[in-house]
Amino acid sequence: MQYYIGIDLGTSSVKSLLMREDGEIIDTAQEGYDIIKPDQQYAQQDMNLLCRAAERTIQAILKKHPGTRDNIRGVGYSGQMHGLVMIDKDGNLIRDAIIWADQRSGEEIRDIYSVIPEEEYKKVVLNSLSTGFLISSLMWVKKHEPEVYAKIFKVMLPKDYLRYKMCGELGTDMSDASSAVIFDTKNRQWAWEFIDRLGLEREFFVPCHEAYEIAGEVTAGCEKNTGLWEGTKLVYGGGDSLMQGIGNGIISPGTLSANIGTSSQLSCALPEPLYDSRYRTNTFCHVREDRWMLMGANLSGGVALKWLMRNVLDMQSYDEMTALAEKVPAGSRDLLFLPYLSGERTPYNDPDAKGIYLGLTLKHARAEMIRSTMEGIVFGLRNSLEIFQDMGIEFQRIFASGGGARGHLFRQIQADMFGKEIYTSVGKEQACVGAAITAAVGTGGYASYEEACGCVVRLSEDVVIPDAENQKIYEERYAVYKELYPRNKDLFGCRNHCEGL
């Protein structure tokens with residue numbers, strides 16, 4: 001019997017999973033860490049700390065299951081997307097990674113568009129530039145930290161650094177490379193002309209490969225740190241949104257993935273690089289040559305609940321919060337939450353956007369605040385669903401994953417707001433499962449993703465059906481929700497003006 005390991009290098013934790021070739025999950029291990037915020041708009045992480053945490057999760061699994069060690073055929077990766085990791089010529093980190101949640105590079109986006117007209121840029125990369133993307137952050141480093149920029153040998157995405165530490169080979173996959181947004185997404189290669197026009201060095205950018213291709217082998221040092229045998233094959237892997245989809249069996253059109261993790265995303269697989277004409281969504285390369293992904297991204301998903309639990313309500317667990325929220329009817333007794341706590345990406349690409357609780361009265365308590373926060377997160381995904389439908393995207397089912405799949409209430413809210421049945425796959429950690437499936441495809445365990453997903457992914461019998469009365473309530477509240485940002489947009493950006501009064 002063969003085994004595969006899937007590693008998901010997330011924003012708040014790293015998870016590793018040991019999977020038998022028939023899809024049986026043998027074990028998982030997880031270790032958490034924090035975002036470093038030296039300034040309100042900054043979001044950084046020490047990649048060496050994250051890598052050591054990843055090594056310990058692998059080591060923990062193998063210690064519990066030593067009999068599987070000789071039969072681990074491959075390791076795959078899932079990772080937080082967009083972030084900038086920089087190393088010097090000796091392979092050492094130059095500074096903390098600037099991750100996707102970072103908001104500092106708004107001026108640099110304007111600088112890029114002053115060199116390359118915005119419409120010309122978007123037609124090649126198929127995306128709007130956002131703060132927290134690799135290219136925006138790299139331009140910020142070039143302008144504000146020239147001593148750091150001068151030391152750069154290579155730039156890469158977070159999971160690529162972990163893989164480099166495990167095998168010593170540099171590279172990235174098409175999904176993460178396209179999420180750097182200095183990429184020719186249709187032709188699946190770096191946007192070399194734009195790199196030249198921006199005055200960047202071509203040598204900074206590592207080779208690109210498909211997610212399932214072999215990236216290298218476990219080194220002697222990695223064997224010592226993880227327990228994996230030297231020579232074990234590693235595949236490139238992909239961005240977490242794509243691996244979530246694969247872990248739910250989504251490789252072909254017709255199914256949407258609604259993922260609520262630290263952030264939240266609605267996504268689907270497509271046979272061609274379709275994109276929103278207003279660039280409110282993202283179009284990235286998928287896990288193989290004939291697939292692309294359409295995604296709507298919201299920067300505050302589960303992190304909004306985490307903020308509410310820790311910073312406002314001083315509660316101890318999500319289960320405790322959900323139990324309270326279940327006592328409140330749909331619509332949270334007219335309390336409405338706009339979840340733009342870290343700016344927003346879809347449908348408004350605005351790093352200055354802020355969160356709002358609308359309708360607070362003396363009758364509201366913790367329970368209403370919790371449920372309205374959950375509803376606000378899903379309203380954000382509803383924005384993306386409307387864009388997908390306007391683009392003519394057809395689908396038969398929606399899969400919930402991440403934290404949004406684990407409790408019945410979150411899934412019921414999704415069913416009621418989307419007006420569709422909500423499915424889940426058996427088990428948890430779909431991003432890890434997707435990474436393990438990718439390792440299985442890349443190392444010959446399965447001939448294709450379709451074959452692998454058909455054998456590995458199992459649907460849960462617990463399908464959540466929309467409640468007609470709740471749907472009516474949410475339709476009314478959604479109309480109000482859509483007014484919150486446009487009516488307050490000018491106030492969100494008034495900080496500098498207000499400070500001058």
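Coordinate-derived values only; no laboratory data. What you see is a predicted model, and the numbers here were worked out from it, not measured in a lab. Quick reminder, even Gly has a Cβ in these numbers, built from the backbone with ideal geometry, and neighbours come from all protein chains shown.
Tell me the relative contact order for the chain as a rounded percent, counting alpha carbon contacts under 8 Å between residues six or more apart.
Details: 1141 pairs, mean separation 81.0, N = 501.
Relative contact order, the chain: 16 percent.
So which aspartates and glutamates pass the test for K122, namely a Cα distance under 20 Å, with those fewer than 8 places away in the same chain ruled out?
The reachable aspartates and glutamates, counting only those whose Cα sits under 20 Å from K122, are E107, E108, D111, D176, D184, E193, D196, E272, D276, E344, D350, D390.
In percent, how large is the relative contact order of the range 242-383, given Cα pairs closer than 8 Å and 6 or more residues apart? Let's see the in-between values first.
Numbers: 266 pairs, mean separation 30.1, N = 142.
After rounding, I find 21 percent.
Tell me, what are the semi-axes, in whole angstrom and largest first, of the equivalent ellipsoid of the range 218-372 as set by the roots of 5 times the Cα gyration tensor eigenvalues?
Values: eigenvalues 254, 109, 41 Å².
Over the Cα atoms of the range 218-372, the ellipsoid semi-axes are 36, 23, 14 Å.
Name the lysines eligible as straight-distance cross-link partners of K151: C-alpha to C-alpha under 27 Å, and not fewer than 8 places from it in the same chain.
K37, K89, K142, K143, K159, K165
Which whole-number percent gives the relative contact order of the range 3-241, counting Cα pairs below 8 Å spaced six or more residues apart?
Details: 512 pairs, mean separation 50.8, N = 239.
After rounding, I find 21 percent.
Compute log10 of I(q)/I(0) for the range 3-241 with the Debye formula, placing one identical point scatterer on every Cα and leaving out solvent, at q = 0.17 Å⁻¹, to two decimals.
So the normalised log intensities work out to -1.20.
Can you tell me the order of 274-284, 422-432 when each peptide is scored by its average per-residue count of other Cβ atoms within 10 angstrom, highest first?
Working: 274-284: 20.4, 422-432: 23.7.
In descending order of packing, they fall as 422-432, 274-284.
Applying 1/(1 + (r/R0)^6) with R0 = 25 Å to the Cβ-Cβ distance of D46 and F153, what FRET efficiency is obtained, to the nearest 0.05?
On the way: r = 19 Å, r/R0 = 0.75.
Efficiency at R0 = 25 Å is approximately 0.85.
So if R0 is 22 Å, what FRET efficiency would D27 and H408 give, r being the distance between their Cβ atoms, rounded to the nearest 0.05? Write down the numbers at each step before the final one.
Numbers: r = 26 Å, r/R0 = 1.17.
It comes to 0.30.
Using the C-alpha atoms of the chain, what convex hull volume per residue, in cubic angstrom, is computed? The partial results should precede the final answer.
Working: hull volume 70.8 nm³, N = 501.
Given the Cα convex hull of the chain, per-residue volume reads 141 Å³.
Multiply the residue separation of S460 and E203 by 0.36 nm, subtract the distance between their alpha-carbon atoms, and state the gained length in nm to one decimal.
Numbers: separation 257, 0.36 × 257 = 92.52 nm, distance 4.69 nm.
Contour length minus Cα-Cα distance gives 87.8 nm.
In debye to the nearest 20, how big a dipole does the range 3-241 give about its Cα centre with +1 on each Lys and Arg Cβ and -1 on each Asp and Glu Cβ?
Numbers: 28 positive and 38 negative charges, 65 e Å.
Dipole magnitude for the range 3-241 comes out near 320 debye.
Quick one: which of 390-397, 195-202 comes out on top by average Cβ neighbours within 10 Å, and what's the full order, highest first? Intermediate results must be reported in sequence, preceding the final value.
Numbers: 390-397: 11.9, 195-202: 13.4.
In descending order of packing, they fall as 195-202, 390-397.
List L336, L242 from most exposed to least, where exposure is judged by having the fewest other Cβ atoms within 10 Å. Walk me through the numbers on the way to the answer.
Numbers: L336 21, L242 34.
Least crowded to most crowded, the residues run L336, L242.
Need the full-extension length gain, D490 to K472, defined as separation in residues times 0.36 nm minus the C-alpha distance. One decimal, nm.
Values: separation 18, 0.36 × 18 = 6.48 nm, distance 3.08 nm.
Fully extending the segment from D490 to K472 adds 3.4 nm.
When the chain is fully extended, how far beyond the present Cα-Cα distance does A365 get from E326, taking 0.36 nm per residue of separation?
On the way: separation 39, 0.36 × 39 = 14.04 nm, distance 1.33 nm.
Roughly 12.7 nm would be gained on extension.
I'd like to compare 407-413, 10-16: which one has the highest average count of other Cβ atoms within 10 Å, and what's the full order after that?
Highest to lowest by the protection proxy: 10-16, 407-413.
Sort out for me the Cα centre separation of the range 329-391 from the range 1-72, rounded to whole Å.
31 Å
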